[in-house]
Amino acid sequence: MRNGTRADRAPLQCLSMPEFDVVGVGLNATDTLLMVPHFPAYAGKVPFDAEVMSPGGQVASAMVACARLGLRAKYIGTVGDDERGRIQMESLRSTGVNLDHVQLRKGCPNQSAYIIVDRSTGERTVLWRRDDCLRIDPGEIADDQIAGARLLHIDGHDTPAVAHAAAIARRHGIPVTVDVDTIYHGFDRVLPNVDYLVASSEFPGNWTGIRDPFEALASLQTEYGMKLAAMTLGAHGALARAGGQFIYAPAYVVDCVDTTGAGDVFHGAFCYAVLQGMTMPAALDFSNAMAALNCTAMGARGGIRGLDEIRLLMARGERRSNPDFAARAQASGSPAV
């Protein structure tokens, strides 16, 4: 722990026998979910019928998903010393995620979010806050914290810190996956060390200035030389470019209760798929299935399921396809998902 009290660093491990399957550097948050029968109109009123506090956050939830799948997962980040921070830490500990290099920031509130969930659709609107006292400094991430992993997963928020972590991973030959939803200043220093980019649907176009998603992904992959450039599409699945071809993976149809955390769980599943050596079409399909199951319960981690339930959904579940994406991917010679 930190702000004067950091847990002892684990010793540098022999790189031939990594200590962890996956290390994540980035955000956590503690959410307050308000369930409403329908989202109110602007300046309107609507009663809420449930209030639930639950832990979440991009990288932290991805690490929980990895641990649920049996991976040795470690989380590196900062946590406030308030009640929300305590809830976050208890959740991470209970799932078996290693917390040796989590920093406890004294006198600092944990990142929080108020999430309004439309019960009629499961879609949500997020209001969030993260104080500057939670910022991760690059100097607080040492080589030995990253080098003992088979894979590094990052987000984009504390850009200098995640850029530093990704550079460490590159030096040690460790693949890097990234979850990015918006443009961060200095993110151009992160992308050259990314192997697998899985972004929001808005990021590729906003970053490249290219509106067509296929062309935007191709531009990103060509410029930075990453193995895969992809975007999640919510209820329509995921689109990616790898090996010179586009891959479109349709979404799974489930009884959606709450979409909070679906993207974070998708990334955890994708980390698992990469480490298992899945083909990219199989990896995207697997990740779609795990993300869909998470939407069947409340909270960012409420519906995280294990391998048996994921495989059952993949074997029997109905998929929802976007015909335009499917047709264009197929025209590129895409393998079937």
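The values are calculated or read from the model by the stated rules, or taken from the named source; none is laboratory data. From a predicted model like this one, the values you see are computed outputs, not experimental measurements. Cβ sites come from the backbone with ideal geometry, for glycine too, and all protein chains shown count toward neighbours. These accessible areas exclude ligands, DNA and RNA; they are computed on the full protein's heavy atoms, side chains included. Shrake-Rupley method; radii C 1.70, N 1.55, O 1.52, S 1.80 Å.
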Quiz prompt | Simple label model, 7 Å out from Cα along Cβ direction - GLN245 to GLU90, nm | solution = 4.9
Self-check item: Residue-level accessible surface for ASP255, protein heavy atoms, 1.4 Å, Å²
Solution: 120
Quiz item: If ligands, DNA and RNA are left out, what is the accessible area of MET278 with a 1.4 Å probe, given in Å² to the nearest 10?
Solution: 50
Practice problem: Mind giving me the FRET efficiency for LEU307 and PHE48? R0 is 30 Å, r the Cβ-Cβ distance, nearest 0.05 is fine. | Solution: 0.30
Quiz item: Using a basic spin-label model with each label point 7 Å from the Cα along Cα→Cβ, how many nm lie between ALA297 and ALA142?
Solution: 3.7
Quiz item: What spacing in nm lies between the two simple spin-label points modelled at ASP131 and ASP181, each 7 Å away from Cα in the Cβ direction?
Solution: 2.2
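Quick check for me: using +1 on Lys/Arg Cβ and -1 on Asp/Glu Cβ, what's the dipole size of the chain about its Cα centre, in debye to the nearest 20?
That gives a dipole near 340 debye.
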Self-check item: Rg to Rh quotient for region 111-198, alpha carbon positions, Kirkwood Rh
Solution: 1.06
Exercise. Could you check what % of the DSSP bridge pairs in the chain are antiparallel, to the nearest 5?
Key: 45
Practice problem: Would you mind telling me the share, in percent, of accessible area of the chain contributed by carbon and sulfur at probe 1.4 angstrom? | Solution: 52
Quiz item: How much of the DSSP beta bridge set in region 98-246 is antiparallel, as a percent to the nearest 5?
Solution: 55
